[in-house]
Structure formats: structure tokens, C-alpha cells
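Everything below concerns the one structure shown next.
Derivation of every value follows stated rules applied to the coordinates shown; laboratory data play no part. Keep in mind that this is a model prediction, so the values were computed, not measured. Every residue, glycine among them, receives a Cβ derived from its backbone with ideal geometry; neighbour counts consider all protein chains shown.
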Amino acid sequence: MTTIQIFRHDARMDTDEAEKANVDRVYDTPLSTAGVAHAALVAQPASFVVSSPLLRCVQTALPTLQGPLVLDARFMEVFHPKVIHSIEEFKLRTDAELPPAFYIRTAHGIPKEETRGIGGSADIRYRAAIQDYADRALRAGIKHVTIFTHGDCIGSFAAMLRKDLYSTEFGCSITATYNGSWEFVSSNDVGLM
């Protein structure tokens, strides 16, 4: 059996009135000062950590690291103009543009323009990625996988666990176990029904 814990990134800089002028890429907003502090405060050490390659997720994951950080674009934000804003200008940050850490990037590239919501193309991408890590971890005997991603992915995970989601807060999480089938364990700051 393996445990999968999925976190939404912490508070974004563009939601803080005092800091939002410091955002260098509107589609790849870093954490606010409060978000960085909260991520460090609540971090629990993790041995196998996967993250969206977007800076706010990387920053949320860093305090948990006990080894490399796997950057997987399948956990990226929904690739849609209403979410990413300027799809034409979008580019991932290089390792040199990210905080110092040992990064392993998967071969998964930036998705094509997607649809949102349960059943949309982003939901299908998220579910496939979560299932891929669960299956691989189970086969390899990895007991715990921690994933840092975005709110829509939290919704997809909740749906996989047959939970109705009505809200996700910055830094929220859902935990489930997998042994060929899924079992919900807990949630933190996630509105579930």
C-alpha cells in the first residue's frame, strides 16, 4: 500500500496587495511572503516529492525535501487563457531561475490548450498523472508520495476518491491510500461533501 498526499500551493504573491507589483510573470506567480512563511511552518519532511514546475508549487514543496524534487508538467495549472493568461508568452522557468535544489524534470511537456472542470481535458491529465504515480509507487514499494500542484488538481483527486469538492484553500491537502483501489484518508482546508 502507498499513501498519496496532494497539496495545493500556498498563498500567491498576486493575491497580496502590497506585493503583487513584484510579480515578474503573471502566469507563473511566486508565493507571497506570507505564503513562503506558511509553507515553511507547516512543512513535513517527505522522501518522494513531485511538483508542478510552476514557481509557487516549487516554493511550497522546498521545505519538505529530503532528496530531489521531481518536476512534472502534468501537475501544471490548467493551460487555458483564462487561467494562464498569455498562452503565447508562456515558458517554464529554468533550473537556474528556480530556488537552489536538486531537480529532476520529467519528459512531459507543456499541455495544449485545455478545458477546465471535472471531465475536461485538464481533469483527464491530472487523473492520469496521479494514477501513474500511485501505480509506480505501489510497484516500487514506495510508501508515501507527496505532490504539490494547483486547485483544479485537488478537485480531480477528490473526484477520483468519489468526494464532491466545493472549495480549496491555499496550502490545502487531500490524503488517500492506494493498493490497487483508492481509499480516502483525510483532507485539510478542503471543502468536501
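Quick rundown of the values:
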quantity	calculated
Gaussian network model of the chain, Cα within-10 Å springs - most flexible of Glu17, Glu169, Glu113	Glu17
Among Glu97, Glu19, Glu77, residue whose mean-square fluctuation peaks in a GNM of the chain (springs only between Cα atoms under 10 Å)	Glu97
Separation of alpha-carbon centers, region 109-178 and region 86-106, rounded to whole Å	21 Å
Shape of region 2-192, Cα gyration tensor, a/c cut at 1.5	rounded
Choice from Ile130, Ile84, Ile147 showing the highest fluctuation, given a GNM over the chain with Cα pairs closer than 10 Å	Ile84
Loop trypsin sites (Lys or Arg not before Pro), region 97-126, which have at most 12 other Cβ atoms in a 10 Å radius of their Cβ (DSSP)	Lys112
Under 19 Å from the Cα of Lys82 - lysines, other chains or at least 8 residues apart	Lys20, Lys91, Lys112
Within region 134-193, trypsin sites (Lys or Arg not before Pro) in DSSP loop having at most 13 other beta-carbon neighbours inside 10 Å	Lys143, Arg162
Paramagnetic label zone (point 7 Å from Cα along Cα-to-C-beta, Val185; backbone N under 19 Å) in region 116-140	130-140
